[in-house]
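The values are calculated or read from the model by the stated rules, or taken from the named source; none is laboratory data. No experiment lies behind these values; they were computed from the predicted model shown. Note that each Cβ is placed from the backbone with ideal geometry, even for glycine, and that neighbours are counted across all protein chains shown. Keep in mind that these areas ignore ligands, DNA and RNA; they rest on the heavy atoms of the full protein, side chains included. Shrake-Rupley method; radii C 1.70, N 1.55, O 1.52, S 1.80 Å.
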Amino acid sequence: MHTNLWAVICGNIRDELDFKLTLSRLVDLRKQRKVQHILLSTWRDEIDKYPGLRDELKKLKVYVLENYPLPQELEKTPTESVNYWRQARQLLAALDMIPKTDFVLRLRTDRSLNYINQMDKLGVFENYRQPVPQIGHFPKLFDYKVTVFGPKMIRLLHMIDFVLLG
């Protein structure tokens, strides 16, 4: 079965230069056929804060999803999870349009470039379709390995969230 790798960039564009360098790197990976599709999942009106960016994304054939922001009452919830809810909302919107058999390289609009370069240097883009082995009678939660940086066992599935692939 042939599957594609989607690069899904999530978040506000906090640093225009960092975003454009990351996007350029993803376009290069797409030219090399290591990534097949690029999708930006961000908030409504975010792209238009940067003159010419919408046209640039169109020329580069980057899919764009513009999500409505979280309701104000949710934003003001006294919890440390609001940022995770924002990230989840943007990623889930992207996952809704990506075929379920495809793989996703999820990254931020900023602070992701070095991780992408490390992954490329280590050959991750050629070897990400690694099946998870069965270990004894433990239940298998994933069919394929997930690439993350800085995993921690203090909190289940807590890791550096700049980039992940699975």
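Charge dipole (Cα centre; +1 on Lys/Arg Cβ, -1 on Asp/Glu Cβ; no other charges) of segment 1-80 amounts to roughly 640 debye.
Going by accessible surface with a 1.4 Å probe and the largest first, PHE142, PHE19, PHE149 read PHE142, PHE149, PHE19.
Positive contributions from Lys and Arg (+1) and negative ones from Asp and Glu (-1), summed over other residues with Cβ under 14 Å from the Cβ of LEU92, come out at +3.
Using only the Cα atoms of the chain, build the gyration tensor, take square roots of its eigenvalues as a ≥ b ≥ c, and label the shape rounded, prolate or oblate: rounded if a/c is under 1.5, else prolate if a/b is larger than b/c, else oblate. Oblate, because a/c is 1.5 or more while a/b does not exceed b/c. Per-residue ellipticity at 222 nm, computed for the chain from helices alone with -39500 (n - 2.57) per DSSP H run of at least four residues, works out to -9500 deg cm²/dmol.
For the peptides 44-51, 104-111, the ranking by mean Cβ contacts within 10 Å, running from highest to lowest, is 104-111, 44-51. Looking at the chain, send over the antiparallel percent of its DSSP beta bridges, to the nearest 5. The antiparallel fraction comes to roughly 30 percent. Computed over protein heavy atoms with a 1.4 Å probe, the carbon and sulfur contribution to the accessible area of the chain reaches 57%.
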